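Let me begin by presenting the structure, written as structure tokens, before commenting on it.
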Amino acid sequence: MNLKFLCMELSGTGGTETVLVKVLNQLCKYHKVELILTNDPPQKNFLTRFDPKIDISICAGKINKPLVIARKFLLASADTCFISLSPKMIRLGAKIRKIFHRKYKIISWIHFSLEDQDMFDARATVPLADGHLAISSTIKAQLLSYGVPNEKISLIFNPIDPVTTSIPISDSHLPKFFYAGRIIFEGQKNLKEMIYALSKTDNATLDIFGTGDDITRCQEYARKLDVSQRIVWHGYTPDLWHEIKEKPTALLMMSTYEGLPMIMLEAIAHGIPVICSNFNGYQDILRSGINGFSYPLHDISKLVEQMKRLEHTPLVEQNIKQSIQAFYPQKYFENFEAALNKFVDLNCQIKLEKN
């Protein structure tokens, strides 16, 4: 197949970029693959990790961007599948295909919750695709609620490499939590709740990896609660797992919503448990008592209880790692390839039935 991946605005440092590198490097062994970016990423290091066989197109400039992408659709051969991470590109591709009677396929591969955003009308755009790769059960449920038939949806999750090594355990035996991601005080990432929970513990520390516009606000809040001395702000790091020298007690995630958080999978693959809010879809990854614990969003007392629970009763590292077998490469890529083939065959069958 001729696969063209259409990507939304990327920063160059997120979990989506990690997934793209893994997936495209695998697919280019058997297919012709092109990555089409709708922006020039601020951080470009991730681009060097792609296989040289992959063509990379960057559509920079607000004026030229629509024309360049439209040309990609117009010149696409009948055996082309556009796999779009951008709902807007799904609409554009569907419109051009209808007007110019093109034969290419469009598959959605959305990496965030469709309901918890105000950037586009999901109901009017995403269902225009011929098939849908759902990275979480939450996104699958949202697609079904939009009227997308079940046979047009494949739940594939995201891939994560298994980790055979172990991170050394600290000699201090003090609870040491960490967070990695965008610094958002009260929105999606909800660091306010994390910092407040830390203030309700006696001696726990918190390492925060990431950047964002809310860093100053978070630091001021930490000072207000008198926990600044227990938080280390590491900023952006290109290799998180090289920076973590001692095994943390757990990853903390207080998110109000997520698609499928890669940092959660990465932590578990390293044998580190997770304490997360019960955002929609957390059940896809979390196995309570095996790889971590959850708490009701905004229930600080329950959150602190789970933090203390892991402090005093650590989970078994090997059981943590084995809890995400469905996300490891062999099973994941079998599912991904099967989904692509299904959508191509399914759309051929639909056209034959209409004729």
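The values are calculated or read from the model by the stated rules, or taken from the named source; none is laboratory data. The structure presented is a predicted model; accordingly, all values stated were derived computationally and were not measured. Every residue, glycine among them, receives a Cβ derived from its backbone with ideal geometry; neighbour counts consider all protein chains shown.
Things worth noting here:
- Number of positions in segment 271-292 that are in contact (Cβ under 8 Å) with a residue 60 or more places away in the chain, surrounded by 21 or more Cβ atoms within 10 Å (Cβ to Cβ) and in a loop (DSSP other than H, G, I, E, B): 2
- Some residue of segment 315-329 being free of Cβ contacts under 8 Å to residues at least 60 places away in the same chain, buried (at least 22 other Cβ atoms within 10 Å of the Cβ) and not assigned by TED's automatic domain parsing to the domain that holds Ile106: yes
- Against the list (1) closer than 16 Å to Phe5 by Cβ; (2) of a type outside the set (D, E, K, R); (3) crowded, with 16+ Cβ neighbours inside 10 Å, the condition Ile56 fails is (3).
- Segment 60-85, residues that are out of contact with any Cys (no Cβ under 7 Å at 6 or more places or on another chain) and buried (at least 19 other Cβ atoms within 10 Å of the Cβ): Lys72, Phe73, Ala76, Thr80, Cys81, Phe82, Ile83, Ser84
- For segment 138-153, the set of residues classified as out of contact with any Gly (no Cβ under 6 Å at 6 or more places or on another chain) and either of a type in the set (A, V, I, L, M) or part of a helix (DSSP H, G or I) (or both) consists of Ile139, Lys140, Ala141, Gln142, Leu143, Leu144, Ser145, Val148, Asn150, Glu151, Ile153, listed by residue number.
- Among the criteria (1) at pLDDT 95 or above; (2) outside any helix (DSSP H, G or I), the one Lys302 does not fulfil is (2).
- Considering Thr164, Thr201, the condition of being under 30 Å from Gln322 (Cβ atoms), in a loop (DSSP other than H, G, I, E, B), of a type in the set (Val, Ile, Thr) and at pLDDT 95 or above is satisfied by Thr201 alone.
- Qualifying residues in segment 6-46 (those that are surrounded by fewer than 17 Cβ atoms within 10 Å (Cβ to Cβ) and not in a loop (DSSP other than H, G, I, E, B)) - the one modelled with the lowest pLDDT: Asn45
- Members of segment 54-99 found to be assigned to a strand (DSSP E or B), among the hydroxyl-bearing types (Ser, Thr, Tyr) and either within 24 Å of the chain's Cα centre (by Cα) or more than 30 Å from Ser113 (Cβ to Cβ) (or both), listed by number: Ser57, Ser84
- Residue list for segment 253-270, restricted to those being among the charged types (D, E, K, R) and not in a loop (DSSP other than H, G, I, E, B): Glu266
- Residue check for Gly235: in contact with a Ser or Thr (Cβ under 9 Å, 6 or more places away or on another chain), buried (at least 21 other Cβ atoms within 10 Å of the Cβ) and of a type outside the set (Val, Ile, Thr): no
- Long-range neighbours under 7 Å by Cβ, at least six apart or interchain, first residue among the β-branched types (Val, Ile, Thr) within segment 35-47, second assigned to a loop (DSSP other than H, G, I, E, B): Ile36/Cys59; Thr38/Met8; Thr38/Glu9; Thr38/Cys59; Thr38/Ser86
- Residue check: Leu297 meets all listed conditions (1) in contact with an Asp or Glu (Cβ under 9 Å, 6 or more places away or on another chain); (2) surrounded by fewer than 17 Cβ atoms within 10 Å (Cβ to Cβ) but one, namely (2).
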